[in-house]
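A short worksheet on the structure shown next.
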Amino acid sequence: MKARPAAYVIALCAIALLATLGPRVAHGAETNLLLNGTLAKGSGEQPDDWRTEAWVNEPEAFQYTWTHPTDSAPGQLMVNALKPNDARWMQSLTLSPGWYRFSTEVRTENVGAQQTGANISIMEDGAMSPDIRGTAGWQRISFYLQVGGNGADIELALRVGGFGSLNTGKAFFRNVTAEKLAAPPPDATPLYDLTAIRKAAIPEPIGHPVTLVASFIFLALVALYGWRLFGAAEPVARAAQAPQPRIKEKSKAKGRR
């Protein structure tokens, strides 16, 4: 009879432990929006759901490798920019409105110090994590992005170099994540607004809108005046150039009669 209370206590503890761990496991499985963010799936030299690109798209300008996961280490993606380049592994994502954190672990070997180093970023102007240059051990880098409106399609990149900032060197990436957040932490940095970035990328028309409208009206009036002037003068010119009808003289024979 005394064993029952002990069994009940053990059962209650087990239930409480499962209730605590269960949501965490489920939450962790749902937070990473990337496909194959652990870099565990693929075949041969190609990981599933990832592709490569480079600004200098020449075989001698870059190298890419995928290291399969082992019991002691997760899968890794390597980018080696042999010549100054913006070389990257990429994945496309469709995001709903809200805040997101993109992060990865990275280590570097001989990445140039003058241009953009190893980073995680999106293919939009300037939206990127802090970049790592030189030779450095494993560390996690990240950035935060706000998506507005009806959501957006983005291209996430694991890069050496960046737009207009080509670099050389080797970078290794692992444990890549994309998470949706209710809001960024108070000390989060760097933060970006995708709507503002895309709006700034749209070229603005030259001149003030009122000036443009006035110019258009002026040009329309000039065209109308020219049409009326030359359109009215053309029939007059044609009439002046028309040959005059000849008046036949009466024959002298008829005059003698």
When you look at Gln91, is it over 28 Å from Thr195 (Cβ atoms) and in contact (Cβ under 8 Å) with a residue 24 or more places away in the chain, yes or no? no
Checked region 155-193 for anything farther than 24 Å from Glu105 by Cβ and within 13 Å of the chain's Cα centre (by Cα); matches are Asp193
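Checking the structure you have, find out if any residue of region 83-101 is modelled with pLDDT of 95 or more, over 21 Å from the mean Cα position of the chain (by Cα) and not β-branched (Val, Ile, Thr).
The initial filter retains those residues of region 83-101 that are modelled with pLDDT of 95 or more, namely 83-101.
Filter once more, keeping what is over 21 Å from the mean Cα position of the chain (by Cα): 83-84.
After this cut, where a residue has to be not β-branched (Val, Ile, Thr) as well, the list is 83-84.
The answer is yes; a qualifying residue exists.
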For region 126-172, the count of residues that are assigned to a strand (DSSP E or B) and more than 18 Å from Lys199 (Cβ to Cβ) equals 27
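Name the residue that is modelled with the lowest pLDDT, counting only residues in region 170-198 that are of a type in the set (D, E, K, R) and surrounded by 10 or more Cβ atoms within 10 Å (Cβ to Cβ).
Narrowing region 170-198 to residues of a type in the set (D, E, K, R): 170, 174, 179-180, 187, 193, 198.
Filter once more, so that each one left must be surrounded by 10 or more Cβ atoms within 10 Å (Cβ to Cβ): 170, 174, 179-180, 193, 198.
Values: Lys170: 98, Arg174: 98, Glu179: 98, Lys180: 98, Asp193: 98, Arg198: 95.
This residue is Arg198.
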Per the filter on region 91-119, residues farther than 21 Å from Trp50 by Cα and of a type outside the set (Gly, Ala, Ser) are Pro97, Trp99, Glu109, Asn110, Val111, Gln114, Gln115, Thr116
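From Trp66, Trp50, Trp138, Trp55, which residue is of a type in the set (Phe, Trp, Tyr) and in contact (Cβ under 8 Å) with a residue 60 or more places away in the chain? Walk me through it before giving the result.
On the way: Trp66 fails: in contact (Cβ under 8 Å) with a residue 60 or more places away in the chain; Trp50 fails: in contact (Cβ under 8 Å) with a residue 60 or more places away in the chain; Trp138 fails: in contact (Cβ under 8 Å) with a residue 60 or more places away in the chain.
Exactly one of Trp66, Trp50, Trp138, Trp55 is of a type in the set (Phe, Trp, Tyr) and in contact (Cβ under 8 Å) with a residue 60 or more places away in the chain, namely Trp55.
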In the set Glu109, Glu60, Glu30, the lone residue that is under 30 Å from Leu194 (Cβ atoms) and either outside any strand (DSSP E or B) or at pLDDT 95 or above (or both) is Glu30
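The values are calculated or read from the model by the stated rules, or taken from the named source; none is laboratory data. Please read these numbers as outputs of a predicted model, since none were measured by experiment. So basically every Cβ, Gly included, is an ideal-geometry build from the backbone, and we count neighbours across all protein chains shown.
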